[in-house]
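Participant: This is the structure I want to talk about, given as structure tokens.
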């Protein structure tokens, strides 16, 4: 059986996805830097077969600036999905305020 370039590309993409999902350095790179601290509390929401987990990190870039990293993971029967979001301090405080306002109205 001949292994083509397409096989290498597919295997490479799969390996990158596994690396990002299962390693701290992979998640840090997806968030735009290096994870220096993970906030211990997580938000976990389960509905049917899907579980959504939100984790908050402190992310350092090569510059002295630090970011707030939000990792949203969805786990379901045959797979997973991870969405990394990086916010500056001002953006994170604004999001916090908006979430607080919305929660007060429920």
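Just so it is clear, none of the values below were taken in a lab; they were calculated from the coordinates. Quantities reported herein were computed from a predicted structural model and do not represent experimental measurements. Cβ placement follows ideal geometry from the backbone for every residue including glycine, while neighbour counts extend to all protein chains displayed.
Participant: Please go through the stretch 62-78 and pick out each residue that is within 15 Å of the chain's Cα centre (by Cα) and under 20 Å from residue 48 (Cα atoms). Talk me through it step by step, then tell me what you get.
Facilitator: The first filter runs over the stretch 62-78 and keeps only residues within 15 Å of the chain's Cα centre (by Cα), leaving 67-75.
Passing the criteria: 72, 73, 74, 75.
Participant: While we're here: In the chain, which strands (runs of 3 or more DSSP E) lie fully inside it and hold 1 or more residues that are surrounded by 11 or more Cβ atoms within 10 Å (Cβ to Cβ) and out of contact with any strand residue (DSSP E or B) (no Cβ under 8 Å at 6 or more places or on another chain)?
Facilitator: Filter on the chain gives an empty set.
Participant: When residues of the stretch 1-53 are filtered for being over 17 Å from the mean Cα position of the chain (by Cα) and under 18 Å from residue 83 (Cβ atoms), how many remain?
Facilitator: Residues in the stretch 1-53 being over 17 Å from the mean Cα position of the chain (by Cα) and under 18 Å from residue 83 (Cβ atoms): 3 in total.
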